[in-house]
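The values are calculated or read from the model by the stated rules, or taken from the named source; none is laboratory data. For clarity, every value in this text was computed on a predicted model and none was experimentally measured. Cβ coordinates were reconstructed from backbone atoms using ideal geometry, including for glycine residues, and neighbour counts include every protein chain displayed.
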Amino acid sequence: MFPAAVDYVTEGKSECRFVNGTQQVQFLQRYFYNQEEFVYFDSNVGHFTAKTEFGRPSADYWNKDTQILEDRRSRVERYCKPNYDIIHSFTADRRVKPDVIVSLMPHHEDSKTVHHILLCNVFGFYPSEVEVKWFRNGQEETTKVQSSALFPNGDWTFQILVMLETEIQKGDTFTCEVHHDSLAAPQRVDWHPQISDSAKNKLATGIGGFVLGAVFLVAGIVIYMRGRKVQTSFRGAQDEHFIHS
């Protein structure tokens, strides 16, 4: 028997951090082992620092190599600052407006009231800072509002799901309001029970059932009438034959 295979994953990340443009620039090089950071270089410090005992031998070894230290210390001027304009134009100045979809997810019901969860899906926006609010008939709801984590889409955009647990009554108006840097004014999407997706689906199902039932009814009547016609013709022929004989 061979022991179960174990995956060992190492990862290195290089980061440039800017404050007030290029007035304050920090270069970080970080190393991870099985998703845990164990050693890093900080240009503000000028040498490698171990974060765990596993990273101490690497930090000691690299700190003794003057060429490695000079290379890492020079990356603020050689790497970070020359790329600032490119990075800044694609990140700091980039604005992508969010798309907003409001939908209903049935939760539970009792004999008197029906409780539902309304979902406000905000997606495809950049930068990641966003604020989402729920309103019921113009009044902000805060007590039964929950938000998911912020999800990166992998294409420099983000999405978030904000849920409202509430009772729904006929005539209510629910509004999901989104605040984002890409918007000149908050984006508002209204939801009404009478035009909800659930109501539309039920209406479509009812209409479809009615139409289908009507089709079967008409088909049954036609078949029945044809049967009566054939039966009547057949009996007429028998009576006429009997009289002539």
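Residues of the range 164-186 that are out of contact with any Pro (no Cβ under 7 Å at 6 or more places or on another chain), within 10 Å of Val132 (Cα to Cα) and surrounded by fewer than 18 Cβ atoms within 10 Å (Cβ to Cβ): Pro186 alone. Residues in the range 133-149 that are at pLDDT below 95 and either of a type in the set (A, V, I, L, M, F, W, C) or within 25 Å of Asp93 (Cα to Cα) (or both): Ala149 alone.
The criterion of at least 3 residues that are farther than 30 Å from Val132 by Cα and under 37 Å from the mean Cα position of the chain (by Cα) is met by the following strands (runs of 3 or more DSSP E) wholly inside the range 1-101: 10-19, 24-33, 36-42. The C-beta contact set for the range 132-151 (first residue closer than 23 Å to Asp99 by Cβ, second residue assigned to a loop (DSSP other than H, G, I, E, B) and hydrophobic (A, V, I, L, M, F, W, C), distance under 9 angstrom, 6+ apart or interchain) comprises Leu150/Val130. Taken over the range 40-68, the residue count meeting the criterion of being surrounded by 15 or more Cβ atoms within 10 Å (Cβ to Cβ), among the aliphatic types (A, V, I, L, M) and either under 15 Å from Gln26 (Cα atoms) or touching a residue at least 60 places away in the same chain (Cβ under 8 Å) (or both) is 0.
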